[in-house]
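The values are calculated or read from the model by the stated rules, or taken from the named source; none is laboratory data. In this text, all values refer to a predicted model and were calculated from it rather than measured experimentally. Counting neighbours? That spans all protein chains shown, and the Cβs are built from the backbone with ideal geometry, glycine included. These area figures cover heavy atoms from the full protein model, side chains too; ligands, DNA and RNA do not enter into them. Shrake-Rupley method; radii C 1.70, N 1.55, O 1.52, S 1.80 Å.
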Amino acid sequence: MKLQNKLNQEEVIAKKKAKDERREEKAKSDAPKGIPRTIENTREPDDTWVDPEDEEVKEDESMDPMSGYFERQREPKVLITSSDNPHTKTIKFCRELKQTLETAEFRWRNRMPIKKMVKAASKRNYTHIIIVNEDHRKPNALLIIHLPKGPTAYFRMSSVRFCDQIKNRAKYMKHRPELIMNNFNTRMGHTVGRLITSMFHYDPQFHGRRVVTFHNQRDYIFFRQHRYQFKDGNKVALQEMGPRFTLRLKWVQAGTFDTKFGEYEWALKRHEMETSRRRFFI
């Protein structure tokens, strides 16, 4: 028994020594560590993924309805309204959205049909209409129409936080903001990104140090607005201004809003959502 115990102890010691040696060799090795697998970097390949520097993509974008904005031929002028009989929180959101979009005006709906509103706004040289819908007395969706010929996009909206709900928020400034658009990489992503971008003035006022961000992650678009401050040559401090909300694209129409004869370029379908967690469209 004593001999057996001694052999067992020697075996344990040898295994421990070999393990320690392997650990030391690994620590000394210059080989890069493996990149962790995430849903984003393992997303399914998408044929509509585009390179913004591709000549074909540039040619298509030069002829789309938003090209006038990107060529600086048409300044944005946005009309913000709501569904009929809006409640307090919806009105509050419309006013905070108007502050974010420095070229926007907020007007009451007065039960006007959307088609009639599109014609009237086009005559008054508006470039966009934003309709804020509500459910259970809270804003829950955005309908964005680019004038005069579309496209139209409908987003579900969630996680709304108003400016006064954000702790230590920065004071609102009227300077035109810088705009950051992250991860709009597919054909549909480019369309949505260009539609959102065209609502903001193309000439930001950098001295205001105000920045608006739309960050797409797993087809959820997160909106944030900050004011930044340079502390030294390497560090920048951010202070959120608000409001804050999350968008989920539901459908895109080629023209202006039309429920009967509108041509849908894309619509989110339930069976596509359930097919794979690693399939994204924006």
- Taking max minus min of the Cα coordinates of the range 192-277 on each principal axis, largest first, gives extents in Å of 54, 32, 20
- Angle, helix 88-100 long axis vs. longest principal axis of the chain, Cα atoms, 0 to 90°, nearest 10? 80
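So what's the range 144-258 giving for Rg/Rh, alpha carbon basis, Kirkwood Rh from the mean inverse pair distance? Spell out each step's value before the answer.
Numbers: Rg = 15.5 Å, Rh = 15.5 Å.
Result: Rg/Rh = 1.00.
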- If you line up the long axis of helix 114-123 against the longest principal axis of the chain, both from Cα atoms, how many degrees apart are they, to the nearest 10? 70
- Query: Given the C-alpha centroids of the range 115-155 and the range 171-214, what is the distance between them in whole angstrom?
  - Reply: 19
- Within straight-line cross-link reach of Lys58, lysines at Cα separation under 28 Å, skipping those fewer than 8 residues along the same chain: Lys77, Lys149, Lys250
- Note on the structure: Between Asp258 and Arg95, Cβ-based FRET efficiency (R0 25 Å, step 0.05) works out to 0.30
- Item | Residue among Lys89, Lys260, Lys138 with the largest mean-square fluctuation in a Gaussian network model of the chain, springs linking Cα atoms under 10 Å | Lys260
- Positive-end extreme of charge dipole, the chain - chosen from Ile129, Tyr172, Leu142 (charges on Cβ): Tyr172
- Item | Table column - 3J(HN,Hα) (Hz), the range 242-253, Karplus curve with 6.51, -1.76, 1.60, x for Gly and Pro | x, x, 9, 7, 10, 10, 10, 5, 9, 6, 9, 9
- Item | Most mobile of Lys123, Lys231, Lys269 in a GNM of the chain (Cα contacts under 10 Å) | Lys231
- Item | Inter-label distance for Arg161 and Gln217, nm, one decimal - labels placed 7 Å from Cα along Cα-to-Cβ | 1.3
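How do the peptides 205-212, 141-148, 105-112 rank, highest first, by the average count of neighbouring beta carbon atoms within 10 Å per residue? Numbers along the way, then the final one.
Details: 205-212: 16.1, 141-148: 20.6, 105-112: 12.6.
Highest-to-lowest ranking by the protection proxy: 141-148, 205-212, 105-112.
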- May I ask for the angle, rounded to the nearest 10°, between helix 187-197 and the longest principal axis of the chain, with both axes built from Cα atoms and the value confined to 0 to 90°? 60
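Is it possible to state the helix-based mean residue ellipticity at 222 nm for the chain, with each DSSP H run of 4+ residues giving -39500 (n - 2.57), the sum divided by total residues, to the nearest 500 deg cm²/dmol? What is it? Please list the in-between numbers first.
Numbers: 7 runs with 78 residues, N = 282.
Result for the chain: -8500 deg cm²/dmol, rounded to the nearest 500.
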- Item | Projected label distance in nm at Asn125 and Arg278, using a 7 Å step from Cα toward the beta-carbon | 5.2
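Looking at the range 88-179, what % of the alpha carbon pairs are farther apart than 22 Å? Mind showing how you got there, number by number?
Working: 1399 of 4186 pairs.
Of all Cα-Cα distances in the range 88-179, 33 percent exceed 22 Å.
What FRET efficiency, computed as 1/(1 + (r/R0)^6) with R0 = 41 Å and r the Cβ-Cβ distance, is obtained for His207 and Lys269, rounded to the nearest 0.05?
On the way: r = 46 Å, r/R0 = 1.12.
For His207 and Lys269, the calculated efficiency is 0.35.
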- Rg/Rg_globular for the range 55-109, with Rg_globular taken as 2.2 N^0.38 Å and Rg from C-alpha atoms: 1.57
- On average, how much accessible surface per residue is there in the range 74-116, in Å², for a 1.4 Å probe, leaving out ligands, DNA and RNA? 56
- Query: Under Stokes-Einstein, with the Kirkwood radius over Cα pairs standing in for Rh, what whole-number D in µm²/s applies to the range 108-148 at 4 °C and 1.567 mPa s?
  - Reply: 117
- Would you pull out the residues with amide H under 5 Å of Ile80's amide H, same chain only if 5 or more places away, H placed 1.01 Å from N? Glu105, Phe106, Arg107, Ile130
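Rounded to the nearest 20 Debye, what is the dipole magnitude of the range 56-178 about its Cα centre when Lys and Arg each give +1 and Asp and Glu each give -1 at the C-beta?
Details: 26 positive and 15 negative charges, 169 e Å.
Dipole about the Cα centre, nearest 20: 820 debye.
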- Task: Quick one: among Arg227, Arg248, Arg137, which has the greatest mean-square fluctuation in a GNM of the chain with alpha-carbon springs under 10 angstrom?
- Result: Arg137
- Query: Relative to the Cα centre, what is the charge dipole magnitude of the range 167-282, using +1 at the beta carbon of each Lys and Arg, -1 at the beta carbon of each Asp and Glu, and rounding to the nearest 20 debye?
  - Reply: 580
- Item | Charge-dipole axis of the chain as Lys and Arg at +1 and Asp and Glu at -1 on Cβ define it, positive-most pick from Tyr69, Trp49, Tyr154 | Tyr154
- Task: Give, as ranges by residue number, the residues of the range 72-87 whose backbone N falls under 12 Å from the point 7 Å along Cα→Cβ of Met112.
- Result: 79-82
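Would you mind working out the magnitude of the charge dipole of the chain relative to its Cα centre, with +1 at each Lys and Arg C-beta and -1 at each Asp and Glu C-beta, to the nearest 20 Debye?
1760
For the chain, what is the Kirkwood estimate of the hydrodynamic radius, computed as the reciprocal of the mean inverse distance between distinct Cα atoms, to one decimal in Å? Each step should come with its number before you reach the end.
Values: mean 1/r = 0.0453 Å⁻¹.
Averaging 1/r across every pair of different Cα atoms and inverting gives 22.1 Å.
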- Carbon plus sulfur, as percent of the 1.4 Å-probe accessible area of the range 150-279, comes to 45
